[in-house]
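S.K.: Below is the structure I would like to discuss, written out as structure tokens.
The values are calculated or read from the model by the stated rules, or taken from the named source; none is laboratory data. This one's a predicted model, so the numbers in the text were calculated from it and none came from an experiment. Reconstructed Cβ throughout: ideal geometry from the backbone, glycine too, with neighbour counts over all protein chains shown.
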Amino acid sequence: MAHELPPLPYAKDALAPHMSAETLEFHHGKHHATYVTKLNAAIAGTPYEQLSLVDAIRKSAAEGNKAVFNNAAQHFNHSFFWNGLAPKAGGAPSGAAAEAITKAFGTFDAFKTAFTNEAVNHFASGWGWLVRDASGALKVISTHDADSPVAHGQTPILTCDVWEHAYYIDHRNARPAYLAAFWNLVNWDFVSRNLG
């Protein structure tokens, strides 16, 4: 089955001023689109063609197939990232998300600090994540390059893309400023659904 670039769940200018339409044009319309194109080329005529995206990530990770893994994982990670953002969002969570985060980290501020530090201090390209591990515990982690928690038996809850293409148009090399903007866009309804 051919994979498709999902449409953004909001207009390209809907995340401004925290994330510009120009950033979304390049990040979604070019970077993410290229991963989907390369993934379809890599799986054409192979058994991967019949797999779901998550199964293709797990199988390619196990088999060391970098061409499939890198593009499949980047497609998954980006799709997850877009859904974790929303216009008129951010702030502190409520309901199930607030309860789970408070239980795991003590306070929302403690979680926010841990997540921000993990993402800002991640060396080179990658992703900051809130995940649920196999034991059910919530943890803040980062992954390098295209790596994804779904390849390691973890359930992703929230992510922030810390590849430079995610923030260079709006913030140049100031990753901390990008993280500060990110917190104004977090879609806590999406987080709550992932915790369910």
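S.K.: Of the conditions (1) modelled with pLDDT of 95 or more; (2) under 30 Å from residue 138 (Cβ atoms), residue 29 fails just one. Which one is it?
M.R.: Condition not satisfied by residue 29: (2).
S.K.: Mind checking which residues of the stretch 163-174 are of a type outside the set (A, V, I, L, M) and surrounded by 21 or more Cβ atoms within 10 Å (Cβ to Cβ)? Outline the logic, then answer.
M.R.: We begin by selecting, within the stretch 163-174, every residue of a type outside the set (A, V, I, L, M); these are 163-165, 167-168, 170-173.
Residue satisfying the conditions is 167 alone.
S.K.: Can you confirm whether the stretch 155-162 contains a residue that is more than 17 Å from residue 84 (Cα to Cα) and either surrounded by fewer than 17 Cβ atoms within 10 Å (Cβ to Cβ) or over 16 Å from the mean Cα position of the chain (by Cα) (or both)?
M.R.: Of the residues in the stretch 155-162, the ones more than 17 Å from residue 84 (Cα to Cα) are none.
No, there is no match, as no residue in the stretch 155-162 is more than 17 Å from residue 84 (Cα to Cα) and either surrounded by fewer than 17 Cβ atoms within 10 Å (Cβ to Cβ) or over 16 Å from the mean Cα position of the chain (by Cα) (or both).
S.K.: Residue pairs, Cβ under 7 Å, 6 or more apart or interchain, first in the stretch 175-196 and without any contact (Cβ under 8 Å) to a residue 24 or more places away in the chain, second of a type in the set (Lys, Arg) and not in a helix (DSSP H, G or I). List them.
M.R.: Partner pairs satisfying both residue conditions: none exist.
S.K.: If we keep just the residues of the stretch 35-78 that are in contact with a helix residue (DSSP H, G or I) (Cβ under 9 Å, 6 or more places away or on another chain) and hydroxyl-bearing (Ser, Thr, Tyr), which is surrounded by the most Cβ atoms within 10 Å (Cβ to Cβ)?
M.R.: Checking each candidate, the answer is 60.
S.K.: If we scan the stretch 105-115, do we find a residue that is surrounded by 15 or more Cβ atoms within 10 Å (Cβ to Cβ), farther than 20 Å from residue 18 by Cβ, touching a residue at least 12 places away in the same chain (Cβ under 8 Å) and not basic (Lys, Arg)?
M.R.: We begin by selecting, within the stretch 105-115, every residue surrounded by 15 or more Cβ atoms within 10 Å (Cβ to Cβ); these are 105, 108, 111-112, 114-115.
Add one more test, that the residue is farther than 20 Å from residue 18 by Cβ, and what stays is 105, 114.
Of the ones still in play, those that are also touching a residue at least 12 places away in the same chain (Cβ under 8 Å) are 105, 114.
So of that shortlist, the ones also not basic (Lys, Arg) come out as 105, 114.
Yes, the stretch 105-115 contains at least one residue that is surrounded by 15 or more Cβ atoms within 10 Å (Cβ to Cβ), farther than 20 Å from residue 18 by Cβ, touching a residue at least 12 places away in the same chain (Cβ under 8 Å) and not basic (Lys, Arg).
S.K.: Go through the residues of the stretch 86-96 one by one and say whether even a single one is surrounded by fewer than 14 Cβ atoms within 10 Å (Cβ to Cβ), outside the structural domain of residue 140 (by TED's automatic domain parsing) and under 18 Å from the mean Cα position of the chain (by Cα).
M.R.: There is no residue in the stretch 86-96 that is surrounded by fewer than 14 Cβ atoms within 10 Å (Cβ to Cβ), outside the structural domain of residue 140 (by TED's automatic domain parsing) and under 18 Å from the mean Cα position of the chain (by Cα).
S.K.: Residues in the stretch 127-150: is at least one in contact (Cβ under 8 Å) with a residue 24 or more places away in the chain, part of a helix (DSSP H, G or I) and under 30 Å from residue 1 (Cα atoms)?
M.R.: So far as the stretch 127-150 goes, yes, one or more of its residues are in contact (Cβ under 8 Å) with a residue 24 or more places away in the chain, part of a helix (DSSP H, G or I) and under 30 Å from residue 1 (Cα atoms).
S.K.: If I filter the stretch 88-106 for residues that are within 15 Å of residue 143 (Cβ to Cβ) and not small (Gly, Ala, Ser), do I get at least one hit? Explain how you work it out, then say what you get.
M.R.: At the first step, the residues of the stretch 88-106 found to be within 15 Å of residue 143 (Cβ to Cβ) are none.
No, the stretch 88-106 contains no residue that is within 15 Å of residue 143 (Cβ to Cβ) and not small (Gly, Ala, Ser).
S.K.: For the stretch 82-133, which positions are under 21 Å from residue 28 (Cβ atoms) and of a type in the set (Lys, Arg)? Give the steps one after another, and end with the answer.
M.R.: We begin by selecting, within the stretch 82-133, every residue under 21 Å from residue 28 (Cβ atoms); these are 82-90, 119, 125-129.
Hit for the stretch 82-133 is 88, nothing else.
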